[in-house]
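One structure below.
The values are calculated or read from the model by the stated rules, or taken from the named source; none is laboratory data. Because the structure is a prediction, the values reported are computed rather than measured. Here Cβ is always computed from backbone atoms with ideal geometry, including for glycine, and neighbour counts include all displayed protein chains. Note: areas computed on protein heavy atoms with side chains; ligands, DNA, RNA excluded. Shrake-Rupley method; radii C 1.70, N 1.55, O 1.52, S 1.80 Å.
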Amino acid sequence: MKQFEFDDLAVAAVYKSYPDSIRARLLVLRQLIFELADRLDGIEISETLKWGVPSYHSSTKTGTPIRLAPTKEADSYGLYVHCQTSLINDFRQAHPATFRYSGTRALLFKLDDQLPEKELEEFILAALTYHQHRSPAVKV
């Protein structure tokens, strides 16, 4: 498995500041984001900090940013997307019992959750390509 190094030391420092158990789970999600982006032609991922947490977005703006962060609960973490996308609602409709959802913003996980790999990959790919598949707004 290819390991994706940190280009931004500030991002690495944020991961290092997290408790070991949360850091390990978030790094699994980080790895998955980079692996899935590698499968997509023409999409490169930039890793930066947004609102003090790691954020991943495509350099071609084909997708919506994905953020990874602990939640306020000590044993939980989340994968966050822009709240004005339809991603969370679409997945809530398609997979109502697969994830714990937070509004239109996040998929939430507990440390002891078994990650639903297939659906999680589907969600991340949808986020990375969100603007490619969105239907254009009708102008009146």
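Table for the structure above
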| quantity | calculated |
| --- | --- |
| Test: Thr60 is among the β-branched types (Val, Ile, Thr), in contact with a strand residue (DSSP E or B) (Cβ under 8 Å, 6 or more places away or on another chain) and over 17 Å from Leu108 (Cβ atoms) | no |
| Residue pairs meeting the criteria (Cβ under 9 Å; at least 6 apart or on separate chains; first basic (Lys, Arg), in the stretch 19-46; second surrounded by fewer than 14 Cβ atoms within 10 Å (Cβ to Cβ) and at pLDDT 95 or above) | Arg23/Lys16; Arg23/Ser17 |
| Flag for Tyr80 being touching an Asp or Glu at 6+ places or on another chain (Cβ under 7 Å), closer than 16 Å to Ala126 by Cα and at pLDDT 95 or above | no |
| Matching residues in the stretch 1-33 - criterion: being in a helix (DSSP H, G or I) and among the basic types (Lys, Arg) | Lys16, Arg23, Arg25, Arg30 |
| Cross-chain or 6+ apart pairs with Cβ under 7 Å, the stretch 83-102 first and touching a residue at least 24 places away in the same chain (Cβ under 8 Å), then surrounded by fewer than 17 Cβ atoms within 10 Å (Cβ to Cβ) | His95/Glu119 |
| All strands (runs of 3 or more DSSP E) inside the stretch 38-130 with 1 or more residues being within 24 Å of Arg23 (Cβ to Cβ), among the hydroxyl-bearing types (Ser, Thr, Tyr) and open to solvent by 30 Å² or more (accessible area, probe 1.4 Å) | 45-50, 76-81, 100-102 |
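Residue by residue, here is whether (1) farther than 12 Å from Ile124 by Cβ; (2) among the small types (Gly, Ala, Ser) holds:
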residue	(1), (2)
Asp7	yes, no
Ala10	yes, yes
Tyr15	yes, no
Pro19	yes, no
Arg23	yes, no
Leu26	yes, no
Ile33	no, no
